[in-house]
Amino acid sequence: MSRVRKILTWAALGVFTVAFIYPFVWLLSASFKPRGEVFDHRLIPETFILDNYVKVWQEAPLALWMFNTLLVTVLAAVAVTITSAMVAWGFAYFRFPGRGALFGVVLATMMLPGAVTMIPVFLIWNSLGMVGTLTPLWAQNLFGSAFYIFLLRQFFLGLPREPFEAAKIDGANNWKIFTRIALPLCKPAVVVTLLFEFQAAWTDLMRPLIYLRDSSTFTVPRGLKALLDQFGFGGEWHWEIVMTASVITTIPMIILFFLGQKHFIKGIATTGSKG
Amino acid sequence: MPATHSKAPFWRSMRWRDTRAALLFISPWIIGFLIFTAWPVINSAYLSLTDYDVINDPSFVGFDNYVQLFQDPKVGLALRNTFLFTVMSVPTQLVVSLALALLLNSATKATGFFRTAFFLPKMTPPVAIGILLLMLFNGQNGLINAFLGVFGIDGPAWTTDPAWVKPGLVLMSLWTVGSSIVIILAALRGVPQELYDSALVDGAGWWRRTFRITVPLISPTLFFLFIVDSINALQSFTEAYTAFFGSGNTTYSNDAALFYAIYLFQQAFEFLHMGYASALAWLLFIVIMAITGVQMLVTRRFVHYEGGQP
């Protein structure tokens, strides 16, 4: 590669890196500015204040929203990982009549737009009196999820069969073979599943919009939307509060990414998941 | 007597034991499928033929909802908005992510750093992206127009002018091409080096190598992204809803951002027109299927599969 081309490549990468990262920096910087200076586009705030963070904490039950979100997120991620792994193992390890057809149905459900089942599923939770609670946001994950079943099954299929046959001869039952041998071998795929679902549950807005009514049950994204309606377009024009709350909502995901960067990148590259 | 006489009965055979164990492992999915997919699909089809407001029992109205779909000007508007957004955003995202992946692939050092930089925005919750859109694209004092101002360009009112709302949403969607870049990058790493070496010997330049070797070889990946991105774009909701529609008691709205999924959501959960919204959902399903089918037929010819057509 010629020298000129090399310099051009680096220059282009540099420009795009700034373009992708700058919105974060801009938002973070704005969250430390007083109301009148929010849109001054200075990288370093002229007047550096922490008032916005204090004010957000006073204006909104942020700690409660954080707790709600964490609860939903952990339950959703753990539930979907355990059950999807079980189901995936059922499809990967055993041979039984109709296996191919049944797995075809699993894949077919991924083609169905969420909009089709959204209303009847709401009606189910409504008839159970669960609308307004956090349960509908995660309980469906107790039954596995097609995409993760697919992902984990692929991984299980790549494992050699010998350790399982050996354990069987040693008298281990199916459950033991699954929990003691298969799951530990499948750790990378389990981690990817946990991370993907953690992100999906943390960032979801549509389901909280459908199911949550009272501010005390809100998740952070739902609360952020409520803050936008109150302090942004809604009329009070305190953008600095909305921005600070956006920073607080986003930071856990950035941390999650850096904790599991390798798994995120690998998971996306191998499954083609668009998140 | 036939030879089967000595065979163990079926329920004690290995095959049945395997089947029983498999069904136990799969049972969570089977139960979930029946409750949260199969029944809802049937119920949704039924509800689409009724008037239902959740409080009173559904009343059967035949195909009235479907007739109403075609007379409702908002459905036309929502479909037009959604198509326009899809047609603008999907190809742009594909071109930008391909360009950035090629750029990354030709860098020799610090690729991990750049990849992280490009991917990080994808971690931002869509609500926050909607809010960022309002800030960055604000007509009077947003960052984008301040940047354009440096070049003497008087930027439009991205967040209020109906003509500029969708272009703003499209530009914002480019911020989250990170996962596409990662997927394309993985495909690029799979292109065998020998092909480039022989092309170099033949004196092919960068442009020629890229568009005669690289792009055809990764075309299955590009095709996959094209289909998946289109399906997602046709259902886009959160960013546009956050930025342009008030929830609860706040009622601001911008018709230029009324996507189909937003209209469906409003009909179902704000106006409680569950029957009509179910019909809207089925129309969306049919539209997505039709568009995906056409895309598959048309683009198939341009996709190169190693070792012939699958």
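Some notes on this structure:
- Within the stretch B:126-136, at least one residue is under 24 Å from B:VAL95 (Cα atoms), at the interface with another protein chain (Cβ under 9 Å from one of its Cβ atoms) and small (Gly, Ala, Ser).
- Residue that is buried (at least 21 other Cβ atoms within 10 Å of the Cβ) and assigned by TED's automatic domain parsing to the domain that holds B:SER97, where the choices are B:ILE144, B:ILE184, B:ILE153, B:ILE227: B:ILE184
- From the list A:VAL131, A:VAL116, the one residue that fits, being outside any loop (DSSP other than H, G, I, E, B) and either of a type in the set (A, V, I, L, M, F, W, C) or closer than 22 Å to A:TRP65 by Cα (or both), is A:VAL116.
- Members of the stretch A:144-200 that are in contact (Cβ under 8 Å) with a residue 12 or more places away in the chain and farther than 30 Å from A:LEU256 by Cβ: A:PRO163, A:PHE164, A:ALA167, A:ILE177
- When restricted to residues that are facing chain B (nearest Cβ under 7 Å) and in a loop (DSSP other than H, G, I, E, B), the stretch A:233-266 contains 2.
- Top-ranked residue of the stretch A:1-43 - restricted to ones that are over 23 Å from B:SER106 (Cβ atoms) and among the β-branched types (Val, Ile, Thr), ranked as nearest to the other protein chains (Cβ to nearest Cβ): A:VAL38
- All positions within the stretch A:92-105 that are more than 7 Å from chain B (Cβ to nearest Cβ) and either touching a residue at least 12 places away in the same chain (Cβ under 8 Å) or touching an Asp or Glu at 6+ places or on another chain (Cβ under 6 Å) (or both): A:ALA92, A:TYR93, A:PHE103
- Scan of the stretch A:1-46 for residues that are of a type outside the set (A, V, I, L, M, F, W, C), farther than 23 Å from B:LEU100 by Cβ and surrounded by fewer than 11 Cβ atoms within 10 Å (Cβ to Cβ), ordered by number: A:GLY36, A:GLU46
- Subset of the stretch A:127-178 [closer than 24 Å to A:THR271 by Cβ and of a type in the set (Ser, Thr, Tyr)]: A:SER145, A:TYR148
- Filter result for the condition that a residue is under 27 Å from B:THR86 (Cα atoms), out of contact with any helix residue (DSSP H, G or I) (no Cβ under 8 Å at 6 or more places or on another chain) and within 14 Å of another protein chain (Cβ to nearest Cβ), over B:VAL228, B:VAL165: B:VAL228
- Which listed residue, of B:ALA45, B:ALA78, is out of contact with any Pro (no Cβ under 9 Å at 6 or more places or on another chain), farther than 30 Å from A:ALA11 by Cα and not assigned by TED's automatic domain parsing to the domain that holds B:TRP282: B:ALA45
- Looking across the stretch A:250-275 at every residue that is within 19 Å of A:VAL74 (Cα to Cα) and aliphatic (A, V, I, L, M), the one that is surrounded by the most Cβ atoms within 10 Å (Cβ to Cβ) is identified as A:MET253.
- Looking only at the stretch B:237-255, and only at residues there that are crowded, with 21+ Cβ neighbours inside 10 Å and touching a residue at least 60 places away in the same chain (Cβ under 8 Å), the one that is farthest from the other protein chains (Cβ to nearest Cβ): B:ALA240
- Criterion (within 13 Å of chain A (Cβ to nearest Cβ) and not in a loop (DSSP other than H, G, I, E, B)) met by exactly one of B:VAL96, B:VAL170: B:VAL96
- Subset of the stretch A:123-175 (residues that are away from chain B (no Cβ under 12 Å) and among the charged types (D, E, K, R)): A:ARG161, A:GLU162, A:GLU165, A:ASP170
- Residue within the stretch B:66-73 that is assigned to a loop (DSSP other than H, G, I, E, B), touching a residue at least 12 places away in the same chain (Cβ under 8 Å) and surrounded by fewer than 19 Cβ atoms within 10 Å (Cβ to Cβ) present: no
- Close Cβ contacts (under 8 Å, 6 or more residues apart or on different chains) running from residues in the stretch B:140-151 that are without any contact (Cβ under 8 Å) to a residue 12 or more places away in the chain to residues that are in a helix (DSSP H, G or I) and crowded, with 16+ Cβ neighbours inside 10 Å comprise B:LEU143/A:PRO23; B:LEU143/A:TRP26; B:LEU143/B:MET135; B:LEU143/B:LEU136.
- Screening the stretch B:256-281 for residues that are closer than 26 Å to A:SER246 by Cβ and part of a loop (DSSP other than H, G, I, E, B) and picking the one that is farthest from the other protein chains (Cβ to nearest Cβ) gives B:LEU258.
- Residue within the stretch B:125-140 that is aromatic (Phe, Trp, Tyr) and out of contact with any helix residue (DSSP H, G or I) (no Cβ under 8 Å at 6 or more places or on another chain) present: no
- Tally of residues being surrounded by 15 or more Cβ atoms within 10 Å (Cβ to Cβ), within 22 Å of B:SER27 (Cα to Cα) and either more than 7 Å from every other protein chain (Cβ to nearest Cβ) or of a type outside the set (S, T, N, Q) (or both) across the stretch A:106-119: 2
- Considering residues of the stretch B:125-139 that are closer than 16 Å to A:THR219 by Cβ and free of Cβ contacts under 8 Å to residues at least 60 places away in the same chain only, the residue farthest from the chain's Cα centre (by Cα): B:ALA128
- Among (1) closer than 30 Å to B:PRO220 by Cα; (2) of a type outside the set (D, E, K, R); (3) surrounded by fewer than 24 Cβ atoms within 10 Å (Cβ to Cβ), the one test that B:LEU169 misses: (3)
- Residue match in the stretch B:289-298 (condition: part of a helix (DSSP H, G or I), within 14 Å of chain A (Cβ to nearest Cβ), free of Cβ contacts under 8 Å to residues at least 12 places away in the same chain and small (Gly, Ala, Ser)): yes
- Test: residue in the stretch A:162-181 that is surrounded by 14 or more Cβ atoms within 10 Å (Cβ to Cβ), touching a His at 6+ places or on another chain (Cβ under 6 Å) and of a type outside the set (Asp, Glu): no
The values are calculated or read from the model by the stated rules, or taken from the named source; none is laboratory data. All values reported here derive from a predicted model rather than from experimental measurement. Glycine also receives a Cβ, built like all others from the backbone with ideal geometry; neighbour counts cover every protein chain displayed.
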